[in-house]
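Engineer: Could you have a look at this structure, given as structure tokens, before my questions?
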Amino acid sequence: MPLKPFIDYLLLEKNYSALTVNAYQKDLEAFSEFIKKEYDTEIIKHVNYSQIRSWIVSMVEKGLSNRSINRKISALNTYYRFLLKIEDISQNPLSKHKALKTSKKIQVPFSEIEITAVLDDLNFDDDFESIRNKLIIELFYSTGIRRIELVELNLGSIDIHNKTLKVLGKRNKERIIPLLDSVVKTISKYLVSRNKLDSITDVNSLFLTKKGLKIYETLVYRIIKEYFSKASTKVKKSPHILRHSFATHLLNQGADLNAVKELLGHSSLAATQVYTHNSIAELKKVHVEAHPRSKK
């Protein structure tokens, strides 16, 4: 069966992002190539679990992480569930499959001191790129948005009057995030600088390169790494760590978990709870320092 009906299903019915759908398609094509080479067939729906298992083994032998393998098998499982839905198969060969064990990655957030060191202590010039870079850092930390969400922001995403940001998240789910006064000021300054660019090709995109082109993900990553390398000794310095810092610092200050969930654009509370381990550590610290019996 061609993949197009499945791709349409993911895009139109499940509202998956184009990036996710593209990853699913590549995973299915990789599996199709494997079974063609090993079993002389390209028909995925006729494959049994032992053949899928041999693909898993081959990926392990190639050194792929369990996390990456689980993602690829998840794509395949989603495809089989689609085939069940349209009654093209009667049984999912992955129905009893158990995901490979993965170690939980504990992301260490930036401290408030480190973020202050970047935003307040580092000198940002008044040229276009410096103003843009400062706004990128402020938006990540004050809104908790994802890197791709920042890249996809357009001029209409910003509501200066109401001090809000409209974000299109995973599965095309829209959310409105309030903006701090300090961020609104930087946005206004950036827009003035943006309008002075010699030429603008991607006129609707909020964040641009100095050549007037839409900003891209690897550049955003480099910007965060460059600035935080001056203020932090943490191994990982990325937009996701800023998102993690946003959630952790809100929870440390007593923010409601459900409110943080909505701000982050999570579909389930479980996804937000991964950020609570740091706030629990903070609570333990306060508890030990403040409780009368802790000194005995």
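The values are calculated or read from the model by the stated rules, or taken from the named source; none is laboratory data. A quick note: this is a predicted structure, and the numbers were derived from the prediction, not measured. Every residue, glycine among them, receives a Cβ derived from its backbone with ideal geometry; neighbour counts consider all protein chains shown.
Engineer: Which condition does TYR227 not pass, out of (1) touching a residue at least 40 places away in the same chain (Cβ under 8 Å); (2) closer than 15 Å to THR143 by Cα, if it passes all the others?
Structural biologist: TYR227 satisfies every listed condition except (2).
Engineer: Can you confirm whether ILE35 is among the hydrophobic types (A, V, I, L, M, F, W, C), surrounded by 13 or more Cβ atoms within 10 Å (Cβ to Cβ) and under 26 Å from PRO5 (Cβ atoms)?
Structural biologist: Criteria met by ILE35.
Engineer: Something else about it: Here is a list of conditions, (1) surrounded by fewer than 20 Cβ atoms within 10 Å (Cβ to Cβ); (2) closer than 16 Å to GLY144 by Cα; (3) hydrophobic (A, V, I, L, M, F, W, C); (4) in contact (Cβ under 8 Å) with a residue 40 or more places away in the chain, and VAL220 meets all of them except one; can you say which number that is?
Structural biologist: Going through (1) surrounded by fewer than 20 Cβ atoms within 10 Å (Cβ to Cβ); (2) closer than 16 Å to GLY144 by Cα; (3) hydrophobic (A, V, I, L, M, F, W, C); (4) in contact (Cβ under 8 Å) with a residue 40 or more places away in the chain one by one, VAL220 breaks only (1).
Engineer: Turning to a different aspect of this structure: Which is within 18 Å of ALA23 (Cα to Cα) and either outside any helix (DSSP H, G or I) or at pLDDT below 95 (or both), of LEU84, LEU64?
Structural biologist: From the options LEU84, LEU64, the qualifying one is LEU64.
Engineer: Might you check whether a residue that is surrounded by fewer than 14 Cβ atoms within 10 Å (Cβ to Cβ), under 22 Å from the mean Cα position of the chain (by Cα) and assigned by TED's automatic domain parsing to the domain that holds LEU122 occurs anywhere in the range 190-212?
Structural biologist: Taking every residue of the range 190-212 in turn, none turns out to be surrounded by fewer than 14 Cβ atoms within 10 Å (Cβ to Cβ), under 22 Å from the mean Cα position of the chain (by Cα) and assigned by TED's automatic domain parsing to the domain that holds LEU122.
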